[in-house]
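Worksheet for the structure shown next.
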Amino acid sequence: ALPKKATLRLLADHCSDPADADALYHLSSLRGKDAYRDQVERERPTVLELLERFPSCRPPVAELLAALPALSPRYYSIASSPLVQPTRV
């Protein structure tokens with residue numbers, strides 16, 4: 001999933017370098033919608049890649065985890081199909 005603008009603001013709130021914070025705030029703003037499209041929607045960075053791109057951002061782990069989307073359970077896959085191997089799971 002793409003990083004949401006709220007996640008970008010969270011990262012910006014915890015940057016020690018004002019340039020990193022300004023860049024992230026810009027990406028999450030209405031004025032930065034073109035930059036968001038180019039740098040987030042097209043490039044599709046992960047949160048880890050954003051942390052590497054903006055090294056002064058050090059959000060608390062608990063806040064970062066709370067901002068990430070919840071993983072959905074995977075109820076079924078072809079690997080667990082009884083049609084493939086009826087005697088094994």
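Name the residues in region 14-66 that are among the aromatic types (Phe, Trp, Tyr), outside any loop (DSSP other than H, G, I, E, B) and open to solvent by less than 80 Å² (accessible area, probe 1.4 Å), would you? Lay out the reasoning, then the answer.
Step one: of region 14-66, the residues among the aromatic types (Phe, Trp, Tyr) are 25, 36, 54.
Next, only the ones that are outside any loop (DSSP other than H, G, I, E, B) stay: 25, 36.
Answer for region 14-66, where residues must be among the aromatic types (Phe, Trp, Tyr), outside any loop (DSSP other than H, G, I, E, B) and open to solvent by less than 80 Å² (accessible area, probe 1.4 Å): just Tyr36.
Taking region 1-13 on its own, how many of its residues are open to solvent by 80 Å² or more (accessible area, probe 1.4 Å) and either part of a helix (DSSP H, G or I) or farther than 17 Å from Pro69 by Cβ (or both)?
The first filter runs over region 1-13 and keeps only residues open to solvent by 80 Å² or more (accessible area, probe 1.4 Å), leaving 1, 4, 9, 13.
With the extra rule that they be either part of a helix (DSSP H, G or I) or farther than 17 Å from Pro69 by Cβ (or both), the set shrinks to 9, 13.
Looking only at that region, the number is 2.
On the given criteria, is Pro82 modelled with pLDDT of 95 or more and either open to solvent by 70 Å² or more (accessible area, probe 1.4 Å) or in contact with a helix residue (DSSP H, G or I) (Cβ under 6 Å, 6 or more places away or on another chain) (or both)?
On the way: modelled with pLDDT of 95 or more: no; either open to solvent by 70 Å² or more (accessible area, probe 1.4 Å) or in contact with a helix residue (DSSP H, G or I) (Cβ under 6 Å, 6 or more places away or on another chain) (or both): yes.
The answer is no for Pro82.
Show the residue pairs that are 6+ apart or on different chains and have beta-carbon atoms under 7 Å apart, the first residue being within region 31-58 and closer than 14 Å to Lys4 by Cα and of a type in the set (Gly, Ala, Ser), the second being open to solvent by less than 30 Å² (accessible area, probe 1.4 Å) and at pLDDT 95 or above.
Taking only residues 6 or more apart or on different chains, the pairs are Ala35/Leu27.
Within region 60-76, can you find the residues that are modelled with pLDDT under 90 and over 13 Å from the mean Cα position of the chain (by Cα)?
Matches in region 60-76: Ser72, Pro73, Arg74, Tyr75, Tyr76.
The values are calculated or read from the model by the stated rules, or taken from the named source; none is laboratory data. Bear in mind the structure is a predicted one, so any value in this text is a computation, not a measurement. A quick note on method: Cβ atoms are made from the backbone with ideal geometry, for glycine too, and the neighbour counts reach across all protein chains shown. With ligands, DNA and RNA removed, areas are computed over all heavy atoms of the protein, side chains included. Shrake-Rupley method; radii C 1.70, N 1.55, O 1.52, S 1.80 Å.
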